[in-house]
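S.K.: My questions all concern the structure below.
The values are calculated or read from the model by the stated rules, or taken from the named source; none is laboratory data. On a predicted model such as this, the values are computed, not experimentally measured, just so you know. Reconstructed Cβ throughout: ideal geometry from the backbone, glycine too, with neighbour counts over all protein chains shown. The accessibility values were calculated without ligands, DNA or RNA, using every heavy atom of the protein model including side chains. Shrake-Rupley method; radii C 1.70, N 1.55, O 1.52, S 1.80 Å.
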Amino acid sequence: MPDLKNWYSSKTIWGAVVAILASALHFTGVDIASGDRGQIVDAIVNIAGALGGLLAVYGRVTAKSAIKP
């Protein structure tokens, strides 16, 4: 695969996580509609991307050494 990405950027991974959680919640009496699952996955991927960006900025700000030009 020439295009690599982090696991948390994968909609497939988050879709599987949401499907597993939705199944587990169904056993407790909470039901999540199929359309809502897609929106939940999109929200998780967007949040994960934003957190990754914030972590990168934090890492650069708190770094002890400079980046070589």
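S.K.: Just the residues that are aliphatic (A, V, I, L, M) and either open to solvent by less than 70 Å² (accessible area, probe 1.4 Å) or in contact (Cβ under 8 Å) with a residue 24 or more places away in the chain (or both), please, taken from region 33-59.
M.R.: Hits for region 33-59 are ALA33, ILE40, VAL41, ALA43, ILE44, VAL45, ALA48, ALA50, ALA56.
S.K.: State all residues of region 16-32 that are surrounded by 13 or more Cβ atoms within 10 Å (Cβ to Cβ) and at pLDDT below 80; if no residue qualifies, say none.
M.R.: Once the filter is applied, which keeps residues that are surrounded by 13 or more Cβ atoms within 10 Å (Cβ to Cβ) and at pLDDT below 80, region 16-32 yields only ILE32.
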